[in-house]
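These notes concern the structure reproduced below.
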Amino acid sequence: MTIPRILIQLDTDPQPSTFDGVVAVDAGVDQLFRHGGICEETVAGLVHGAMFTRGGEGLKSTALFIGGTDVQAGERVLAAVQDTFFGPVRVSVMLDSNGCNTTASAAVLSAAKHLDLKQSTVLVLGGTGPVGQRVARLLSRQGAAVKMGSRDHGRAHQAAAEVSVGLEGANLSAVTTAGNDALQLALEDCDAVISSGAAGVQIVDKGTLHHNKHLRLAIDLNAVPPLGIEGIQATDKGRDCDGVIVYGALGVGGLKMKIHHAAVKALFTANDQVLDADHIYAIGEQVIGKSKL
Amino acid sequence: MTIPRILIQLDTDPQPSTFDGVVAVDAGVDQLFRHGGICEETVAGLVHGAMFTRGGEGLKSTALFIGGTDVQAGERVLAAVQDTFFGPVRVSVMLDSNGCNTTASAAVLSAAKHLDLKQSTVLVLGGTGPVGQRVARLLSRQGAAVKMGSRDHGRAHQAAAEVSVGLEGANLSAVTTAGNDALQLALEDCDAVISSGAAGVQIVDKGTLHHNKHLRLAIDLNAVPPLGIEGIQATDKGRDCDGVIVYGALGVGGLKMKIHHAAVKALFTANDQVLDADHIYAIGEQVIGKSKL
Amino acid sequence: MTIPRILIQLDTDPQPSTFDGVVAVDAGVDQLFRHGGICEETVAGLVHGAMFTRGGEGLKSTALFIGGTDVQAGERVLAAVQDTFFGPVRVSVMLDSNGCNTTASAAVLSAAKHLDLKQSTVLVLGGTGPVGQRVARLLSRQGAAVKMGSRDHGRAHQAAAEVSVGLEGANLSAVTTAGNDALQLALEDCDAVISSGAAGVQIVDKGTLHHNKHLRLAIDLNAVPPLGIEGIQATDKGRDCDGVIVYGALGVGGLKMKIHHAAVKALFTANDQVLDADHIYAIGEQVIGKSKL
């Protein structure tokens, strides 16, 4: 007899996400415990219930999923969850608030289909936000030179400093991207640009995008028009746009969804996993290998 | 491998209804996502999660159920849900706040067992409320002459106007039912009366009910005594009460429950259904045909 | 075809307990309806949904579980639930707020492994709290002489009076336990002491515990150090501590968990059970008999 797989959905929004719930069911979760309105102050009791009910091998059949639209709130909950564990008495946990980790992983894996990241320079727009930081981190770990762009000089540098923690030998720099001239300069030596700025705000117009004749790839992670990069459609998936290969949010969405499924499944293979950006990217690599995407 | 059937319960009350939950489970739903405190302003995100997780054929394995004690709040949520869909990217949705549609359908189907509705005149008491309006609408669609009664003249006329929208050729009128004389007059030429007034308020006394010697049927949809029509018991199911066939809330409850089950099942046969009064009545007709009730 | 077993979790805390949820799943519940923020004023509607959806034999496939950290709030909800039932139209219900009944049962059954309760005198510390009162009640019903200890004289007497209701022939007394001298006096003629005081407060030091050379058993139900009785570890399970057999909270936890599972399973064997201290203790006796613990 197998132990039912229970996923405890810890969502920082008032109503727990139905999106994350449906994916969990489709990933084979038997019982979903769905909690909204979660914050770091009150999560401990819910974690204890996961820790103290099933011993030994049973621990790996209970897992935690942290979601909600606010990625930083999710990160605080993840920290609180890890503080609650002690020693081997723990369960696996995944963070994917606002789809941050599955989206960033899908974007970087999509880029890697077209570029040798080790030989590439990539500008990350909206690089100070949590998705942008994850994209920058994953690119750096794959050996790319990364330029983190923000309209605000100080925030760009701070984000670059935060992302570089633990990444020895990373080639990470900060660039200011306020205005078309600054953007053209930032794009000058880039092979690719990935935009993860705020929804519905255009950052790069068509002229600026095509100013650098060597640019080969552009990915825009916003789904709500107008997109951050003019000329990209949300449904673009490797389309040639005047010599630049472009992806939109829905274009990377198929891979993102496969990674999300695989990550939830992976939660139940051991009781001590913490699935944040790096692990979820590694799961994405397996997904691609498996599905020969 | 079949895709698990997920029903997302969108309830406008603080706690989602256990009644609707149990019926959903018994109708074969595999996973219930239960949400309380739903309103039209915040429902879009929950609908998106249903729309964007399972493509194509998979869309019909996710559905929405709108419930709660406040029918008008449920109607506003239904409108917001339909606004959220776009094109073929949608899932099926059912409204049954306060059991309004299943109850109204069961009442009218019960009446149709004893009367030829096309040849009948029916007084609907409490006709301005959402259940009364549904009863009136369904009766009209079956060809009955319908008199919508309210103590308030203006509200009766407004309700009749609202219900008649889209019902060409309907014989719908409004009557004021304040006081026994007015009630007797309203009942004068009626074959049946269906009461769906506020819980615990008696509208028609025994003398008034039996004043019209031609009245053949009386149905009272309140379950909490005193009922709206004196002499009817909640459990009455086709009982002869001094020459009038009477039904109480529990008496139509068995059929109501079967319709509720069948409607939830029907949600998962296609991804584009909107189950409100008319569709749920049609499902009820099939239920009766099937069960030879 | 079997009817799915639905357990409605009624939790008085804002978030429903994951602990109780996991145990329910492991006890074979098919569908969990999890409700937080429950209070006696608003529970009736949720109970109606359990009562009026499945008739006859089906009623025993729906059950209620009352939990949350506040035992007295849970007791008020249990009273409200029972007020909502009428006649045979009811479902089974279990109260285990803060694990009170399963913990008290496991503690008394653990004591009974080492002592002939009919021949024993037991001091219950923290005897005025809901767990202490349940321990005292269960000990009395097994024939033990029970001394209910509290730092407050009046509360000790009141608790003894409350517990003795319905226990004819019980040997129940109240003792004041403020200070070591009073504690030593209270322990003088005791065979065992069971502590269920507030978390993290030491009540009995080592010297006081061993002052009575005839004391054979000490159980401490707090899991958070410092425990109520100095020298006991939370993991102790029948350890010899200078001649006294000692148990900690985790030491009785294995049996507590088995009782919890068995009680949830028992809910679905009939539709009219009210599982509070006495019934849950009886289930614990069967668990021990079955598992030859």
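The values are calculated or read from the model by the stated rules, or taken from the named source; none is laboratory data. Keep in mind the model is a prediction, meaning the values are calculated, not measured. Cβ sites come from the backbone with ideal geometry, for glycine too, and all protein chains shown count toward neighbours. These accessible areas exclude ligands, DNA and RNA; they are computed on the full protein's heavy atoms, side chains included. Shrake-Rupley method; radii C 1.70, N 1.55, O 1.52, S 1.80 Å.
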For region A:138-152, how many residues meet the condition of being open to solvent by 10 Å² or more (accessible area, probe 1.4 Å) and within 22 Å of residue A:279 (Cβ to Cβ)? 4
Identify the residue in region C:71-86 that is more than 13 Å from every other protein chain (Cβ to nearest Cβ) and not aliphatic (A, V, I, L, M) and, among all such residues, is farthest from residue B:21 (Cα to Cα). C:72
Taking region C:1-41 and keeping only residues that are at the interface with another protein chain (Cβ under 7 Å from one of its Cβ atoms), among the β-branched types (Val, Ile, Thr) and free of Cβ contacts under 8 Å to residues at least 40 places away in the same chain, one is left with C:18, C:22, C:25
From (1) open to solvent by less than 40 Å² (accessible area, probe 1.4 Å); (2) touching a strand residue (DSSP E or B) at 6+ places or on another chain (Cβ under 7 Å), pick out the condition that doesn't hold for residue B:287. (2)
Quick one: residue A:118 ticks every box in (1) assigned by TED's automatic domain parsing to the domain that holds residue A:33; (2) at pLDDT 95 or above; (3) open to solvent by 10 Å² or more (accessible area, probe 1.4 Å) except a single one, so which number is it? (1)
Hey, any hits in region B:251-269 for a residue that's part of a loop (DSSP other than H, G, I, E, B), under 17 Å from residue B:66 (Cα atoms) and open to solvent by 20 Å² or more (accessible area, probe 1.4 Å)? yes
Within region A:208-228, can you find the residues that are outside any loop (DSSP other than H, G, I, E, B) and free of Cβ contacts under 8 Å to residues at least 60 places away in the same chain? A:208, A:209, A:210, A:211, A:218, A:220
Failed criterion for residue C:70 (all others in (1) in the same structural domain as residue C:271 (by TED's automatic domain parsing); (2) over 15 Å from residue C:131 (Cα atoms); (3) of a type outside the set (S, T, N, Q) hold): (2)
Among B:49, B:45, which is surrounded by 19 or more Cβ atoms within 10 Å (Cβ to Cβ), touching an Asp or Glu at 6+ places or on another chain (Cβ under 9 Å) and over 23 Å from residue B:102 (Cα atoms)? B:49
Restricting to region B:12-41, name every residue that is of a type in the set (A, V, I, L, M) and closer than 18 Å to residue C:4 by Cβ. B:22, B:23, B:24, B:25, B:27, B:29, B:32
Of the listed residues (C:146, C:163, C:122), the one being of a type in the set (Val, Ile, Thr), touching a Leu at 6+ places or on another chain (Cβ under 9 Å) and closer than 18 Å to residue C:247 by Cα is C:122
Report yes if residue B:282 is outside any loop (DSSP other than H, G, I, E, B), free of Cβ contacts under 8 Å to residues at least 12 places away in the same chain and under 21 Å from residue B:94 (Cα atoms), otherwise no. yes
Can residue A:245 be described as farther than 30 Å from residue A:29 by Cβ, crowded, with 21+ Cβ neighbours inside 10 Å and at pLDDT 95 or above? yes
Which residue is nearest to the chain's Cα centre (by Cα), if the candidates are limited to region C:1-24 and must be open to solvent by 10 Å² or more (accessible area, probe 1.4 Å) and β-branched (Val, Ile, Thr)? C:12
Identify, please: which residue in region B:153-182 is more than 19 Å from the chain's Cα centre (by Cα), not in a helix (DSSP H, G or I) and not small (Gly, Ala, Ser) and is, among those, surrounded by the fewest Cβ atoms within 10 Å (Cβ to Cβ)? B:168
Output the qualifying pairs, or none if there are none: Cβ atoms under 6 angstrom, residues six or more apart or on different chains, first residue in region B:48-64 and under 18 Å from residue B:24 (Cα atoms) and assigned by TED's automatic domain parsing to the domain that holds residue B:91, second residue part of a helix (DSSP H, G or I) and open to solvent by less than 10 Å² (accessible area, probe 1.4 Å). B:50/A:18; B:62/B:50; B:63/B:267
Just for region A:25-53: of the residues that are hydrophobic (A, V, I, L, M, F, W, C) and within 19 Å of residue A:258 (Cα to Cα), which one is nearest to the chain's Cα centre (by Cα)? A:27
Is there a residue in region A:50-57 that is within 9 Å of another protein chain (Cβ to nearest Cβ) and under 13 Å from residue C:15 (Cα atoms)? no
